[in-house]
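The values are calculated or read from the model by the stated rules, or taken from the named source; none is laboratory data. Just so we're clear, the structure is a prediction, and the values are computed from it rather than from any experiment. Here Cβ is always computed from backbone atoms with ideal geometry, including for glycine, and neighbour counts include all displayed protein chains.
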Amino acid sequence: MKKMDESGQIILIAAFIIGIGIVVLTVMLNNIVYASNTASESSIETNVFDYSNVVQTTTEAYEKAYNGSNYGNNSVIFNAYMENYSEKMVRSYSLSGFIFSLENDTLQDAYFTENGLADGNDDWVVIERVNSTDSFLLDKLNVSSLGNESNKFVIEVNNHSGSKQWSASVYNSSGTITISVSNQTTSIGNYTSASGFINITENQFRFLDNTAGQTYTIKFINGSHSMGTFRIAGKLVNGNDFHIERVHIVNSTMKLNKNGHLEINSTIPITLPKGHI
Amino acid sequence: MIRQLREDERAVSISVGFILTLSITIITMVVVISSFYTMMDRAEQTVMRDEFEIHGNDMALQISNIDTAVQITRNSGGEIGSFYFILPLPDEIAGQQYSVELSNQTNEIIFESHGKYATRVKVPYTVHETEVESVRLYSGSNEFILHYDPASNMIKID
């Protein structure tokens, strides 16, 4: 009889062990379900930085190719440089899983719009916080594409509070390039340019007198009504030099593809020889 | 008298004892199993919400990436021709299908499974240059493609 009672205790212990086993198995199963559903393919990618780098390096490559090929006149050197750049980019980006491709375009004459294209932003700020201008040239003004007096291309200089300090309107007056200059209150004069070249800092336009001692912004207004080249150089308020020059633009199409699940395709007009400070 | 009762086994029935033991065992088993099921169900919803948050954050990041790429391109005076990203969203999460909703009213990505509030996860996104098209999609049909439409300046998901 006593022996039978001890057997009952063993059954009780066995029941406890089986119970604990069930709990352990359930917890394990739960963990397996959890783990198998954790996002194994979470794709937190910073592809936008790669894209930004591509835009920046491609712009700089075009600038170097342009300057190294006598302002694009030697197309063999220009194209060879860009082909070489494209090959090197394909190789270096392939290491991080990107397929890079660049479609080269021919050099185009530019409008005075923000991106240089006819449909670009008409009214735009060329440079801000200028302290002094050493050189401000317009060249190759095309009389046939220049707007008449009602569609004139305007260069405006505003001080930091936004009031006009100096402005010049360039327009086609019966086949002649006419420049009408004024300061904040009065008209300075009307001039003509037979060659399509205008040196804004010349004394007759009184650009330097009217902007001396000011912090100013140079704006182009109605840029799509005129084609030509420009160059502005000088000093900013912070003491740094600036230099912006546009002779040509090139419409560059670049493509980035990563593992087939990401693709960026964009077309960017690049100002040559130097579109940024 | 007491001794007589202690030794009196006339009211003891083996059948009744067996039925009582069986009933108690069944009730105990049912209670234990159902509590395990409830625990598993809660764990499933927790898993879903965690998963939804991971995928939602991934989508929000990609939306921001597209928006930033558009901004970079516009600052350079150019235009994005196309930008697409195939989202690696699974057909099922924790064995259940789910829906993804993009809302440009609240600027949120809303994940939900079978309309259960307990599984709903809202992840906010931010855009500056573009708009996001409001849409509701269901898992399991096709792959989800996040893309930019230059004509309407909208980020869409198909």
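Data overview
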| read-out | value |
| --- | --- |
| Qualifying position, being under 21 Å from the mean Cα position of the chain (by Cα), in contact (Cβ under 8 Å) with a residue 60 or more places away in the chain and at the interface with another protein chain (Cβ under 10 Å from one of its Cβ atoms), among A:ILE232, A:ILE221, A:ILE268 | A:ILE268 |
| Residue in the range A:205-215 that is charged (D, E, K, R) and assigned to a strand (DSSP E or B) present | no |
| Residue match in the range A:77-96 (condition: out of contact with any Pro (no Cβ under 9 Å at 6 or more places or on another chain), in a loop (DSSP other than H, G, I, E, B), small (Gly, Ala, Ser) and without any contact (Cβ under 8 Å) to a residue 40 or more places away in the chain) | no |
| Selection status of A:LYS235, assigned to a strand (DSSP E or B), within 20 Å of A:ASP119 (Cα to Cα) and outside the structural domain of A:GLY97 (by TED's automatic domain parsing) | no |
| Condition check for B:PHE18: in a helix (DSSP H, G or I) and within 11 Å of chain A (Cβ to nearest Cβ) | no |
| Positions within the range A:208-245 being on the phi > 0 side of the Ramachandran plot and in contact with a helix residue (DSSP H, G or I) (Cβ under 8 Å, 6 or more places away or on another chain), in sequence order | A:ASN222 |
| Matching residues in the range B:110-133 - criterion: being free of Cβ contacts under 8 Å to residues at least 60 places away in the same chain and surrounded by fewer than 12 Cβ atoms within 10 Å (Cβ to Cβ) | B:HIS114, B:GLY115, B:TYR117 |
| Any hit, the range A:239-260, residues being surrounded by fewer than 21 Cβ atoms within 10 Å (Cβ to Cβ), within 14 Å of chain B (Cβ to nearest Cβ) and without any contact (Cβ under 8 Å) to a residue 40 or more places away in the chain | yes |
| When residues of the range B:20-52 are limited to those that are among the aromatic types (Phe, Trp, Tyr) and at pLDDT below 80, the one nearest to B:ARG120 (Cα to Cα) | B:TYR37 |
| Residue in the range A:132-155 that is surrounded by fewer than 20 Cβ atoms within 10 Å (Cβ to Cβ), among the charged types (D, E, K, R) and in contact with a helix residue (DSSP H, G or I) (Cβ under 9 Å, 6 or more places away or on another chain) present | no |
| Flag if B:ILE66 is aliphatic (A, V, I, L, M), over 11 Å from the mean Cα position of the chain (by Cα), closer than 30 Å to A:THR267 by Cα and not in a helix (DSSP H, G or I) | no |
| Criterion violated by A:ILE177 - all others in (1) touching a residue at least 40 places away in the same chain (Cβ under 8 Å); (2) in a strand (DSSP E or B); (3) buried (at least 19 other Cβ atoms within 10 Å of the Cβ); (4) not assigned by TED's automatic domain parsing to the domain that holds A:PHE78 satisfied | (1) |
